Amino acid sequence: MSKFYITTPIYYVNDKPHIGGAYTTIAADVLSRWHRMRGDDTFFLTGVDEHGQKIAQAAREQNMTPQQLCDQNAAKFQQVFDTLKISYDRFIRTTEKPHEKMVSHVLNTIQNKNLIYSGTYSGLYCVGCERYYTSKELTDGKCPLHHKKPITLSENCYFFKLSAFQKPLLRLIDTNEWVIEPEERKNEVMGFLKSETLEDLAISREKVEWGIPIPWERSQSIYVWIDALFNYLSGIDWDGKNKKMPDYWPPDVQLIGKDILRFHAIIWPAFLLSLDIPLPKLLYAHGFFTVGGQKMSKSLGNVLDPEELATTFGPDALRWLLLSEFPFGQDGDISLSKFYDKYNADLSHGVGNLVRRTIALALKYKGAIEPPKAIDVDFKQMIEKAWKIYEGALDDLKFETAIGAINDIVTFCDKYIDSSEPWRLSSDDKQYQTIVYNLLEVLRHLSWLIYPFMPKKSNVLFQLLGLKTETKKSLSLGKQWGKVEFNNISQGDILFPQL
Ligand SMILES: [Zn+2]
C-alpha cells in the first residue's frame with residue numbers, strides 16, 4: 001500500500017475562515033478522498049496557527065485569555081470545515097504542548113549546529129502582519145495586505161543563517177530534487193534565488209507574550225510564522241528528537257496559495273536542510289481568483305463567504321464549482337452568476353438529469369437488470385478512456401480536467417439516449433434492457449468518479465442504484481465494466497434541483 005501525506009497551510013486562528021482557504025482545503029480534500037478511494041494509506045493534515053501578539057491583543061479586547069480565544073476560533077474553523085465536508089485526519093493547533101516542545105527541540109538542534117546567532121534587527125514592520133517587510137515588498141510604501149505604513153523597529157533577536165542555503169536550494173530546484181509546481185512558480189523561485197542575495201532571517205522577537213520562547217533565552221519568542229511551519233512535522237507526531245522520522249514523512253503534496261510561496265519554497269526547505277530532514281516531494285502553489293473581474297474586498301461588497309455559498313448551492317456542488325471554474329495552478333475569475341450557470345449546466349441539467357432519466361427508464365422494467373450477453377464495446381471503451389483521463393488529471397492536480405472527463409461521459413449518454421430512442425421500445429425488448437443496462441453502469445461509474453468532489457451525492461447515487469456504499473471497497477473492481485446486476489433501483493429526490 002503506498003502512503004499519501006498531504007498538507008494545507010494552517011490558517012491564522014484570529015481570521016475568519018475565508019473562501020481562499022476553503023479553496024486550498026477543498027482541493028486537498030479532493031486529493032485525499034481520491035487517494036483513499038484508490039487504497040492509499042492517506043494522511044491529510046490541516047489546522048490553525050495560534051500564536052502571536054495579534055492574538056494576545058484580540059483576546060484582551062474581548063476579555064478573554066489568549067487560549068480561550070484560540071479555542072473559540074479554532075472550533076469555528078472546524079465547524080466550517082465540517083460544513084464543507086473536509087475529511088482531515090488531523091486538525092493541528094500550534095498551542096498543543098507537543099508542538100511547542102518539538103519546536104524548542106528543533107531550535108536547540110539548529111543552534112548546536114551554529115546556524116543561529118544573536119544580533120539586532122532593524123526594519124520596516126507591519127503590526128497587522130506581525131512581520132518585517134523589505135522596501136521592495138511594499139506597495140507605495142505600505143503593507144500590501146493592510147495598506148498601512150509599516151513602523152521602523154529595532155530589536156535584539158536571533159538570526160537563522162538562511163544565506164548559507166542559497167546555493168544548495170538553487171541546485172536542488174534546478175535538479176528537481178526540490179519540486180515546485182506549476183512551472184511558473186518554480187521559475188519565480190529560481191529567478192529570485194539567482195538575482196537576489198538571500199539574507200539571514202530574524203527568527204525571534206522580544207516581549208511577545210503569546211509565543212514559543214527561545215529555549216536558551218526565554219525573553220525572546222520564535223516568530224509566529226516560523227513556529228507555524230513546523231506543524232507539518234508535529235502534525236504527524238514527530239517529537240523533534242527521534243532520528244527516525246514518522247512513516248508519513250515526507251509529505252507527498254504540500255498545497256499552498258501563491259502568496260506564501262517564498263516562505264514555503266525557500267525558508268521552509270532551508271530549515272529542513274539545516275535539520276537533515278528529507279524535503280517534501282512536491283510543493284504546489286495554486287493561483288488566486290478575482291470575483292466578477294475584481295479583487296475581492298469588503299469595500300466592493302463582493303466578498304464570497306464559504307458558508308453562505310454552501311447554503312446556496314449545497315456543500316457538494318460548491319466543491320465542484322470552485323474547482324471547475326478555471327485551471328487550478330493558474331489565476332482565474334469566479335462569480336455568483338458563473339456559479340449558477342455552471343451549477344445548472346453541469347449538475348442540474350448534466351449529471352442530475354441523466355440520473356433522473358436513466359432511473360425512470362429502468363423503473364419501467366420490473367425485474368433485475370442484468371449484464372447483456374454481448375458487452376457494448378463503445379461504452380466500455382468510453383468509460384475506460386474517461387477513467388484514464390480522470391486519474392491522470394488528479395495525479396497532476398488538474399481538477400478541472402477530471403471534472404471535464406465526467407461532463408463528457410454525461411454528454412455521451414445524453415446523445416446515446418436521444419439516438420437510441422428507448423421510449424419507442426417495449427421494456428420487455430432485449431434491446432431496451434441493453435440500453436438501460438449501459439446507462440445504469442455509467443451511473444455506477446459516475447458515483448465513483450464524483451466521490452472525491454461530491455462525497456454526499458456520490459453516496460446518494462449509490463443508494464438510488466440499490467448498491468450499498470460498502471461496495472466501494474475496491475476501486476479496481478468498481479472500475480470494471482458490465483459485471484454488476486441492478487436490483488432495488490429507486491427514484492429519490494432530485495439530486496440537483498435547478499437554481
Ligand atoms: Zn500588514
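Throughout, read-outs are computed from the coordinates displayed, never taken from laboratory work. Here the structure is a predicted model, which is why all the values come from computation and not from measurement. Glycine also receives a Cβ, built like all others from the backbone with ideal geometry; neighbour counts cover every protein chain displayed.
So the values come out like this:
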quantity	calculated
Added length on full extension, which subtracts the Cα-Cα distance from 0.36 nm per residue, I151 to E137	3.6 nm
DSSP-defined beta bridges in region 195-348 - what % are antiparallel, rounded to 5	45 percent
Tensor-based shape of region 126-207 (alpha-carbon gyration tensor, a/c under 1.5 rounded, otherwise prolate or oblate)	oblate
Full-extension gain in nm, K194 to D15, via 0.36 nm per residue minus C-alpha separation	61.0 nm
3J(HN,Hα) from dihedral phi, region 46-53, Karplus parametrisation 6.51/-1.76/1.60, rounded to Hz, x for glycine, proline	8, x, 10, 9, 10, 9, x, 4
Restricting region 29-108 to GluC sites (Glu not before Pro) in coil, as DSSP defines it, with at most 11 other Cβ within 10 Å	none
Two-decimal ratio, the chain, of alpha-carbon radius of gyration to 2.2 N^0.38 Å	1.11
Three semi-axes of the equivalent ellipsoid, region 3-287, Cα gyration tensor, whole Å, largest first	27, 24, 20
Beta bridges per DSSP with both ends in the chain, % antiparallel, nearest 5	50 percent
When region 314-478 is reduced to its Cα atoms, the Kirkwood hydrodynamic radius in Å	16.8 Å
Helix 455-464 vs. the chain, principal-axis angle (Cα, 0 to 90°, nearest 10)	20 degrees
Distance in nm between pseudo-label sites at S490 and A368 (7 Å out along the Cβ direction from Cα)	1.9 nm
Residues of type lysines that K167 reaches as a straight line, Cα spacing below 18 Å, ignoring anything fewer than 8 places off in the same chain	K186, K194
Highest to lowest packing among 15-21, 364-370, scored as the average C-beta count within 10 Å	15-21, 364-370
Partnerless Cys - the chain, beta-carbon criterion under 4.7 Å	C70, C157, C413
Angle between the chain longest axis and helix 353-364 axis [Cα atoms, degrees, rounded to 10]	30 degrees
Between helix 377-395 and the chain: long-axis angle, C-alpha atoms, 0 to 90°, nearest 10	10 degrees
Relative packing of 257-267, 434-444, which averages over residues the other C-beta atoms within 10 Å, highest first	434-444, 257-267
Listed pairs K244/K281; K258/K398; K16/K298; K148/K207 exceeding 21 Å between Cα atoms	K148/K207
Gained length - Q480 relative to S2, 0.36 nm times residue gap less alpha-carbon distance	169.9 nm
Reachable lysines, given that their alpha-carbon falls under 19 Å from the alpha-carbon of K457 and they are not under 8 places away in the same chain	K85, K342, K468, K472, K473, K479
Prolate/oblate/rounded label for region 342-386 (Cα gyration tensor, a/c 1.5)	oblate
Among 147-156, 445-454, the order from most to least packed when residues are scored by Cβ within 10 Å on average	445-454, 147-156
